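Take a look at the structure below.
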Amino acid sequence: MNELVSVMNELLSIKPVVLWSDVLIYILVASLGLFFYQLSKNPLARQRWRTVFHSRAGVASFIVILFYLLIALLDSLHYRAPLEKTEGSEEVHYSQEVHSLLDVVLTELRNKDEKTYSAPFAIYSFAKENMQTDDGVVYRDFPRLANAGQHLESAAEHGMDIFVRSMKALLVAAFISAVIIGLHIAWRKRQHSLQSGLAGVRTLPWGTIYLTLSVLVLSCCWVLELSKVYHILGTDKVGQDVLYWSIKAIRTGVLIGTLATLLTLPLAIVLGISAGYFKGWVDDVVQYIYTTLSSIPGILLIAASVLLIDVYIETHPEQFNLVAVRADFKFLALCFILGMTSWTGLCRLLRAETLKVSQLDYVQAAHAFGVGHNRIIYRHILPNITHIILIALVLDFSVFVLAEAVLSYIGVGVDPSMASWGNMINEARSELSRDPVVWWSVAAAFVLMFVLVLAANLFSDRVRDAFDPRSA
C-alpha cells in the first residue's frame, strides 16, 4: 500500500514530457481507429478484411501485434519526476531522467538492480566474490543477490517457491480470463438473435481469440508476480534487469518498423505510379533515380547518414538538453534514413503493375472519353494496386525491425542510451565468449523480437491471401 501511495504521489507531481516519437505513435493509434471506422462504411473492403480476421493465424497474430502496440503506447507517455526540495527553497526542480507510464507498471523490475550478472531466477550472483567471515577469514563464494530471493530462508525453498508463485499467477490469470471471456460470451448470446438472421455470415474464430487473450493475460500475471522477488531473465553486466530492458525495447521495435514503413510509401507510390502511367521521360527519370540508389550498398549509405546525424548532435548540444531528447532525435533520423533508402523495391513493383493496369480496356476507354489523369489514377489505377501496397506495408514492418537490430549491432543504430533489441545484442557480444556463457540477454532480445516478427509475417500472409487477386 505504501508503494502504491508513493507511486500516486509521484504521478501527481510529475512534469509531462512529449517527444516527437510520442506524437507519432499517438497519430498512429488515432489513424488505426480512423481506419477501422472508415472500414465499417466500405462493404467491399470490409469483406476483404473479414477474410483476414476469420483466419485463426490472422486474428491471433493481430492480437499479438496490438499487445505490442499497447506496450509501446504505455512507454510513450513520458514524464520527469520532481526532485526533493532543498531546505529553505520552495522552487521545484525536476530530474533529468525521463520515465514513462510503463516504468510505473514495471516498478518492481526497474528498481531492483544488482552488482553484476545473475542468471534467470537465481538467488546467488553469477560470479564469485571475496567474502569475509565474522572471524576475519577471507574466502571466495557466490554472494546472495540483494533484490532476488531475499524472502527465502534457504536455497532448498527456491524451486518450490517458484512453483507456488507460478500456480498463484496461473489462478489469477484464469480468473481474469474467465471474467472477460464470460462477459463477452454473455454479450454474444444477447446478440445471437440478430446474428442468426444474417444468412451466410461467418463468425470470428472466437476460440482462437479467447486462447490468445488468455495466454497474454497469463504471461502478464506471471511476469508481474514473479518479478516481485526474482529476476526472471537475469541481470546484465551492470546488474540491470534484462526483462525490464527487453520490454522497454518493444517501443523501439514497433516504432521503427511502423515509421520507416510509412515513410517509404509516399515516394514509392507517387514515383511508381507516375513512371508506369505517364511513361516517356518521367519513366526514364524515375528509373534512373531508383537504379542509382539501388546501386549504392544500403548498409554503407545508412551508416554514412547516421554518422552525419551524430556530427550534427555533437556540434549542436544546446538543442538537446535531455538525454532522451537526443536519443529521440537520432531515432527519428534513423527511421527517416531507413525510409528514404528502402522505397526502391516497392516503387519498381508499382511501376510494373501500373504499366499493366494502364493498358486495360476500361482505362483506355476513360482516356477516350477525356477523363483527366488525376481522376483515372485515383479511380482506376490506385484501387488496382492497393493490394501490393498493403502487402508491402506489413512485410516491410518485420524487415525494418530486423534492420534496427543489425544496425545497432554494428554500432550505427539507435542511441546507446535507448532501449532496443539491437543494443542488447550488441552489448552481449562479449558475454557469449565468457565461460560459462551469459546467454540470457541475447535470448531475451531474440524471443521478443521473434514473436513480433513472426506475428507480422503471419498477418502479412493473411493480408496477401485476401488482397492479392492471383491468390483468389
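The values are calculated or read from the model by the stated rules, or taken from the named source; none is laboratory data. Computed from a predicted model, the values in this text were never measured in an experiment. Please note: Cβ atoms are built from the backbone with ideal geometry, for glycine as well, and neighbour counts cover all protein chains shown. These area figures cover heavy atoms from the full protein model, side chains too; ligands, DNA and RNA do not enter into them. Shrake-Rupley method; radii C 1.70, N 1.55, O 1.52, S 1.80 Å.
Kindly check whether there is at least one residue in the stretch 101-110 that is over 30 Å from Leu70 (Cα atoms) and surrounded by 12 or more Cβ atoms within 10 Å (Cβ to Cβ). Steps first, answer last, please.
First, pick out the residues of the stretch 101-110 that are over 30 Å from Leu70 (Cα atoms): none.
No, the stretch 101-110 has no match at all.
Could you list all residues from the stretch 412-439 that are within 19 Å of Phe336 (Cβ to Cβ), in a loop (DSSP other than H, G, I, E, B) and not hydroxyl-bearing (Ser, Thr, Tyr)? Walk me through it before giving the result.
So in the stretch 412-439, the residues within 19 Å of Phe336 (Cβ to Cβ) come out as 412-415, 418, 420, 422.
Restricting the remaining residues to those that are in a loop (DSSP other than H, G, I, E, B) gives 412-415, 418, 420.
Passing the criteria: Val412, Gly413, Val414, Asp415, Met418.
Scan the stretch 292-304 and give yes if some residue there is in contact with a helix residue (DSSP H, G or I) (Cβ under 7 Å, 6 or more places away or on another chain), within 28 Å of Phe446 (Cα to Cα) and modelled with pLDDT under 85, otherwise no.
yes
Checking the conditions here, which among Leu70, Leu74 is open to solvent by 70 Å² or more (accessible area, probe 1.4 Å), among the aliphatic types (A, V, I, L, M), modelled with pLDDT of 85 or more and within 18 Å of Ala249 (Cα to Cα)?
That would be Leu70, the only listed residue that is open to solvent by 70 Å² or more (accessible area, probe 1.4 Å), among the aliphatic types (A, V, I, L, M), modelled with pLDDT of 85 or more and within 18 Å of Ala249 (Cα to Cα).
Name the single residue, out of those in the stretch 406-424 being hydrophobic (A, V, I, L, M, F, W, C) and open to solvent by 10 Å² or more (accessible area, probe 1.4 Å), that is nearest to Leu301 (Cα to Cα). First the steps, then the outcome.
Just the residues of the stretch 406-424 that are hydrophobic (A, V, I, L, M, F, W, C), to begin with: 406-407, 410, 412, 414, 418-419, 421, 424.
From what is left, the residues that are open to solvent by 10 Å² or more (accessible area, probe 1.4 Å) are 406, 410, 412, 418-419, 424.
Values: Val406: 14, Ile410: 14, Val412: 11, Met418: 22, Ala419: 24, Met424: 24 Å.
So the residue we want is Val412.
Taking the stretch 310-331, which residues are closer than 21 Å to Phe400 by Cα and surrounded by fewer than 19 Cβ atoms within 10 Å (Cβ to Cβ)?
Asp310
Quick check on Thr208: is it assigned to a helix (DSSP H, G or I), among the hydroxyl-bearing types (Ser, Thr, Tyr) and crowded, with 19+ Cβ neighbours inside 10 Å? Please lay out each step first, then the result.
Details: assigned to a helix (DSSP H, G or I): yes; among the hydroxyl-bearing types (Ser, Thr, Tyr): yes; crowded, with 19+ Cβ neighbours inside 10 Å: no.
The answer is no for Thr208.
List, please: which pairs have Cβ atoms under 9 Å, are six or more places apart or on different chains, and start with a residue in the stretch 354-370 that is touching a residue at least 12 places away in the same chain (Cβ under 8 Å) and over 21 Å from Ile269 (Cα atoms) and end with one that is in a helix (DSSP H, G or I) and open to solvent by 90 Å² or more (accessible area, probe 1.4 Å)?
Ala366/Arg375; Ala366/Arg379
From the list Leu267, Leu259, pick out the single residue that is modelled with pLDDT of 85 or more, in contact with a Leu (Cβ under 8 Å, 6 or more places away or on another chain) and not β-branched (Val, Ile, Thr). It would help to see each step written out before you state the result.
Details: Leu267 fails: in contact with a Leu (Cβ under 8 Å, 6 or more places away or on another chain).
Sole residue among the options that is modelled with pLDDT of 85 or more, in contact with a Leu (Cβ under 8 Å, 6 or more places away or on another chain) and not β-branched (Val, Ile, Thr): Leu259.
Answer with yes or no whether Ser125 is within 30 Å of Pro436 (Cβ to Cβ), surrounded by 18 or more Cβ atoms within 10 Å (Cβ to Cβ) and either among the polar types (S, T, N, Q) or at pLDDT 80 or above (or both).
Numbers: within 30 Å of Pro436 (Cβ to Cβ): yes; surrounded by 18 or more Cβ atoms within 10 Å (Cβ to Cβ): yes; either among the polar types (S, T, N, Q) or at pLDDT 80 or above (or both): yes.
When the stated conditions are applied, Ser125 passes them.
For the stretch 335-357, give me each residue that is over 13 Å from Ser274 (Cα atoms), open to solvent by 10 Å² or more (accessible area, probe 1.4 Å) and small (Gly, Ala, Ser).
If the condition is that a residue be over 13 Å from Ser274 (Cα atoms), open to solvent by 10 Å² or more (accessible area, probe 1.4 Å) and small (Gly, Ala, Ser), then Ser342, Gly345 are the ones that fit.
Being among the acidic types (Asp, Glu) and outside any loop (DSSP other than H, G, I, E, B) is the filter here; which residues of the stretch 139-170 pass it? Steps first, please.
Of the stretch 139-170, the ones among the acidic types (Asp, Glu) are 141, 153, 157, 161.
Asp141, Glu157, Asp161, listed by residue number.
Does Leu452 satisfy being modelled with pLDDT under 80 and of a type outside the set (Val, Ile, Thr)?
No; evaluated as a whole, the condition is false for this residue.
Within the stretch 372-395, can one find any residue that is under 24 Å from Val412 (Cα atoms) and modelled with pLDDT under 85?
yes
Looking only at the stretch 61-120, count every residue that is of a type in the set (Val, Ile, Thr), under 25 Å from the mean Cα position of the chain (by Cα) and not in a helix (DSSP H, G or I) and tell me the total.
Residues flagged as of a type in the set (Val, Ile, Thr), under 25 Å from the mean Cα position of the chain (by Cα) and not in a helix (DSSP H, G or I) within the stretch 61-120 amount to 1.
On the basis of being touching a helix residue (DSSP H, G or I) at 6+ places or on another chain (Cβ under 9 Å), modelled with pLDDT of 90 or more and open to solvent by less than 20 Å² (accessible area, probe 1.4 Å), does Ser219 make the cut?
In short, no.
Tell me, yes or no, whether the stretch 395-405 has at least one residue that is of a type in the set (Val, Ile, Thr) and within 22 Å of Gly339 (Cβ to Cβ).
Step one: filter the stretch 395-405 for residues of a type in the set (Val, Ile, Thr), giving 399, 401.
Restricting the remaining residues to those that are within 22 Å of Gly339 (Cβ to Cβ) gives 399, 401.
There is at least one residue in the stretch 395-405 that is of a type in the set (Val, Ile, Thr) and within 22 Å of Gly339 (Cβ to Cβ).
So, in the stretch 332-371, of the ones that are assigned to a helix (DSSP H, G or I) and among the small types (Gly, Ala, Ser), which residue ends up modelled with the highest pLDDT? Show your work before the answer.
Kept after step one, since they are assigned to a helix (DSSP H, G or I), are these residues of the stretch 332-371: 332-340, 344-357, 361-368.
Next, only the ones that are among the small types (Gly, Ala, Ser) stay: 333, 339, 345, 352, 365-366, 368.
Details: Ala333: 86, Gly339: 84, Gly345: 86, Ala352: 89, Ala365: 84, Ala366: 80, Ala368: 81.
Across the stretch 332-371, the extreme among qualifying residues is Ala352.
Checking Glu3 against (1) buried (at least 18 other Cβ atoms within 10 Å of the Cβ); (2) acidic (Asp, Glu); (3) modelled with pLDDT under 80: exactly one of these is not met. Which one?
(1)
If Gly239 meets every condition in (1) open to solvent by less than 20 Å² (accessible area, probe 1.4 Å); (2) in a helix (DSSP H, G or I); (3) not acidic (Asp, Glu) apart from one, which number is that one?
Status for Gly239: all satisfied but (2).
Looking at Ala81, Ala119, Ala146, which one is surrounded by fewer than 16 Cβ atoms within 10 Å (Cβ to Cβ) and within 30 Å of Trp439 (Cβ to Cβ)? Don't jump to the end; show me each part of the working.
Numbers: Ala81 fails: within 30 Å of Trp439 (Cβ to Cβ); Ala119 fails: surrounded by fewer than 16 Cβ atoms within 10 Å (Cβ to Cβ).
Ala146 is the lone residue from the list that is surrounded by fewer than 16 Cβ atoms within 10 Å (Cβ to Cβ) and within 30 Å of Trp439 (Cβ to Cβ).
For the stretch 418-446, how many residues meet the condition of being free of Cβ contacts under 8 Å to residues at least 12 places away in the same chain and aliphatic (A, V, I, L, M)?
2
Starting from the stretch 163-175, keep only residues that are closer than 15 Å to Leu152 by Cβ, then list their pairs with residues that are in a helix (DSSP H, G or I) whose Cβ atoms are within a distance under 8 Å, requiring at least 6 positions of separation or different chains.
From residues that are closer than 15 Å to Leu152 by Cβ, the pairs are Arg165/Glu225; Arg165/Leu226.
Please verify whether the stretch 288-304 includes one or more residues that are under 17 Å from Ala352 (Cβ atoms), part of a helix (DSSP H, G or I) and more than 34 Å from the chain's Cα centre (by Cα).
Yes: one or more hits.
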